[in-house]
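*Asks:* Okay, here's the structure, questions in a sec.
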């Protein structure tokens, strides 16, 4: 299924980056196009506007590009999730596995409460490791996760299987490399 072909046309595909066999989906071309960027935010807003979202949580750094304006349009707060040692107040941390090794994400403990209805937003859903770690942070703080939203989903990597406990929405889907 091709969803939003006009937005797909605004994304530059770079073959063999960062390594041979990978097609990198460069969103900078969408971001610089005010019509395409606004349309992407509008599609996300329209999908979530009736969901009573109180906080939008996004992962650094490109997730911030979509999460902050979406929080504004939804009338919600914005909470950043960052790589280790970037947040100044008391945090909680969640480690996750990479292809080789591990990484971690952190969130301020006071960023979310148990009363919050949370939308987690990122630019890209690939394998789902980072977003799953983010969801675990939100759940540890007691909030309800309403949905996980993405600009792009690389559906051929089957992240939805990892994220089957959550509602997942993507603006654009790529079914193959």
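*Asks:* Can you tell me which residue in the range 26-69 is farthest from residue 143 (Cα to Cα), limited to those that are free of Cβ contacts under 8 Å to residues at least 60 places away in the same chain and touching a strand residue (DSSP E or B) at 6+ places or on another chain (Cβ under 6 Å)?
*Replies:* Among those residues, the one meeting the criterion is 29.
*Asks:* Something else now. Could you tell me which residue of the range 70-85 is nearest to residue 125 (Cα to Cα), considering only residues that are in contact with a strand residue (DSSP E or B) (Cβ under 6 Å, 6 or more places away or on another chain) and in a helix (DSSP H, G or I)?
*Replies:* Only one residue tops the list, namely 70.
*Asks:* Sticking with this structure for a sec: Answer with yes or no whether residue 101 is free of Cβ contacts under 8 Å to residues at least 40 places away in the same chain and in contact with a helix residue (DSSP H, G or I) (Cβ under 6 Å, 6 or more places away or on another chain).
*Replies:* It is false that residue 101 is free of Cβ contacts under 8 Å to residues at least 40 places away in the same chain and in contact with a helix residue (DSSP H, G or I) (Cβ under 6 Å, 6 or more places away or on another chain).
*Asks:* Pairs under 7 Å by beta carbon, first residue crowded, with 20+ Cβ neighbours inside 10 Å in the range 112-127, partner in a loop (DSSP other than H, G, I, E, B), six or more apart or different chains?
*Replies:* 112/141; 112/143; 116/54; 116/143; 118/112; 118/143; 119/53; 123/27
*Asks:* Restricting the search to the range 13-34, which residues are in contact with a helix residue (DSSP H, G or I) (Cβ under 9 Å, 6 or more places away or on another chain) and part of a helix (DSSP H, G or I)?
*Replies:* Selection gives 29, 30, 31.
*Asks:* In addition: Could you go through the range 61-68 and let me know if any residue there is modelled with pLDDT under 95, surrounded by fewer than 20 Cβ atoms within 10 Å (Cβ to Cβ) and within 16 Å of residue 124 (Cβ to Cβ).
*Replies:* Filtering the range 61-68 down to residues modelled with pLDDT under 95 leaves 61.
Okay, now just the ones that are also surrounded by fewer than 20 Cβ atoms within 10 Å (Cβ to Cβ), so 61.
Going one step further and asking which of them are within 16 Å of residue 124 (Cβ to Cβ), we end up with 61.
Yes, the range 61-68 contains at least one residue that is modelled with pLDDT under 95, surrounded by fewer than 20 Cβ atoms within 10 Å (Cβ to Cβ) and within 16 Å of residue 124 (Cβ to Cβ).
The values are calculated or read from the model by the stated rules, or taken from the named source; none is laboratory data. Quantities reported herein were computed from a predicted structural model and do not represent experimental measurements. So basically every Cβ, Gly included, is an ideal-geometry build from the backbone, and we count neighbours across all protein chains shown.
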